[in-house]
Amino acid sequence: MKPMAHLGVGIGWRPEIADAVDRLDGLDWVEVVAENICPGHLPEALQRLRERGTRIVPHGVSLGLGGADRPDPQKLAALGERAVALGAPLVTEHIAFVRTSSPVLEAGHLLPVPRTRDALDVLCENVRIAQDALPVPLALENIAALFSWPGEEMTEGQFLTELVERTGVRLLIDVANLHTNRVNRGEDPAAVLDAIPLEALAYVHVAGGVERDGVWHDTHAHPVPPVVLDLLAELRARVEPAGVLLERDDDFPPEAELAGELAAIREVVTADRPAAARPKPSAPKAAPLPEAGPEPESGAQPETGTEAQAGTGAQSEPEPEPEAGAQPEAGAETRTGGRGVGEDARTRVALGQAALLSALVAGTPVPEGFDRARIRVQVRALAAKRADVVAKVAPELPGILGGRDPYRKAFLAYAKGRPMTAGYRRDALDFAEHLLIQDLPADPAARRRLTAWWQERAGARPPRRIVRWARTLVGRAA
């Protein structure tokens, strides 16, 4: 297998630290959240990095290839557009589910898939669909989780290894997530690293978090702790990663602190490997990721909507080797042992995920076998994240409602009985309409401001009083 193209040490690019990223010495590459950029209107700071030759990798967060439904072709095309616009050598996503279609519910967060045969079959087929649609290779990230599924049939290492064997997909290993799952699910990070085919490694994520009441929260808003750097060293003892990236999504520290964290990562990455370290015996080949080669021609991807979704896909057998950026072709029989995924398997996965997500966001009973205490923690975490993200996409709302605390109180009360069924921007509009229906906020001036804000974005007239009363009565009856 061809080695992964060298990336070096990088950082997750975010608008809040764009100027700092521009000035960081020795920065080799950056990763951007795919859904947060528009190919035709790249931020000026990101465009400058592109012009300087800095590698940029789009990282999707909301495709949900671990979900029961097949990937949305438009969302895959949108991810491909971002890869082309950035001249990216690959795209990345997560091994997770984020929504259900029956009922229509959005988690707004990455949720773990059950490590079962049915779930693996569905994931592998979704991966192949995505790979066929994307113009560049794909890598998938292991996620952090607060809870485990009952009745799992494989370990994390077995699940990831078979995913690679059946699809040829690359792996993006997040060592902070390995630590999270050690604390929250009792999993051994070293056992995972020993089990997976490290020759399939695309690159590595490093991030910070915090432990509260015996639960590790993968916040991306705290400094990288020594225990996560130790896991990076564990991985480094087994393989030389092509790239390592620092993720920071909130509570951004001063530039000097970011530089210090990158220096600590670089020190681990460049340290001499122990003399006794030996690579793991080769597992079945993963599809090669090409060395830096010609960039895909712009305009080659179909037009899509404004919201991009990242996907995961499968690669076929690597021989003959494809040209840089190309996806090898193979029949489904070479990837799934001669059969595709039956609809019965998708239905079983869909039923399990719908029951869990309904408990997490719609207040239905927790399915049998789950740790109810952990599910309650996840419910609170999802609601808090939802409130925080809505405040980011609609920053005027906390101001209109009198500040952060009154906003959060009102939003969390709203969210209890109204699960998210679309994106966060739609959620912000629905929240505002919910308040207006109830003649809130109580202050007339604030209510006028909220009405004007909602009307400007919804493109509609506020509901008349009689309509508001009717909706309120219907809501109480439900």
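The table below lists the values:
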read-out: Label-to-label distance, nm, for residues given as L24 and C38 (7 Å Cα→Cβ offset); value: 2.7
read-out: Spin-label pair E396/D344, simplified geometry with 7 Å Cα→Cβ offset, distance in nm; value: 5.4
read-out: Extension gain, R457 back to A422 (0.36 nm per residue minus Cα-Cα distance, nm); value: 11.0 nm
read-out: Protection proxy ranking, peptides 416-424, 258-266, average beta carbon neighbours within 10 Å, highest first; value: 258-266, 416-424
read-out: Coordinate range along principal axes, alpha carbons of the range 372-440, Å, largest first; value: 36, 23, 21
read-out: Carbon and sulfur %, accessible surface of the range 98-170 computed with the full protein complex present, 1.4 Å; value: 51
read-out: 19 Å Cα-Cα reach of K2 towards aspartates and glutamates, excluding residues that sit fewer than 8 places from it in its own chain; value: E165, E199, E240, E291, E295, E317, E319, E321, E323, E329
read-out: Cα Rg, Dmax, the range 95-158, angstrom units; value: 12.9, 37
read-out: Percentage relative contact order, the range 82-216, counting C-alpha pairs under 8 Å, at least six apart; value: 24
read-out: Largest-first ordering by accessible area, 1.4 Å probe, given options S101, S358; value: S101, S358
read-out: Solvent exposure, largest accessible area first (probe 1.4 Å, DNA, RNA and ligands not counted), of W29, W216; value: W216, W29
read-out: Debye log10 I(q)/I(0) for the range 171-231, one point scatterer per Cα, at q = 0.13, 0.21 Å⁻¹; value: -0.33, -0.81
read-out: Extension reserve of the V104-D251 stretch, reckoned as 0.36 nm per residue once the Cα distance is removed; value: 49.7 nm
read-out: Solvent-accessible area per residue, Å², over the range 106-185 with all protein chains present [probe radius 1.4 Å]; value: 22
read-out: Extension gain from Q74 to A190, taking 0.36 nm per residue of separation minus the Cα-Cα distance; value: 37.9 nm
read-out: Inter-probe distance in nm under a simple model that places probes 7 Å from Cα toward Cβ, at A271 and T219; value: 2.6
read-out: For L172, residues with placed amide H under 5 Å, excluding near neighbours; value: L140, E141, N142, A202
read-out: 3J(HN,Hα) from dihedral phi, the range 415-421, Karplus parametrisation 6.51/-1.76/1.60, rounded to Hz, x for glycine, proline; value: 5, 4, x, 9, x, 6, 10
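The values are calculated or read from the model by the stated rules, or taken from the named source; none is laboratory data. These numbers were taken from a predicted model, which means no experiment stands behind them. Using ideal geometry, Cβ is built from the backbone for each residue, glycine included, and neighbour counts are taken over all protein chains shown. For the accessible areas, the whole protein counts, side chains as well, though only heavy atoms, and no ligand, DNA or RNA atoms are used. Shrake-Rupley method; radii C 1.70, N 1.55, O 1.52, S 1.80 Å.
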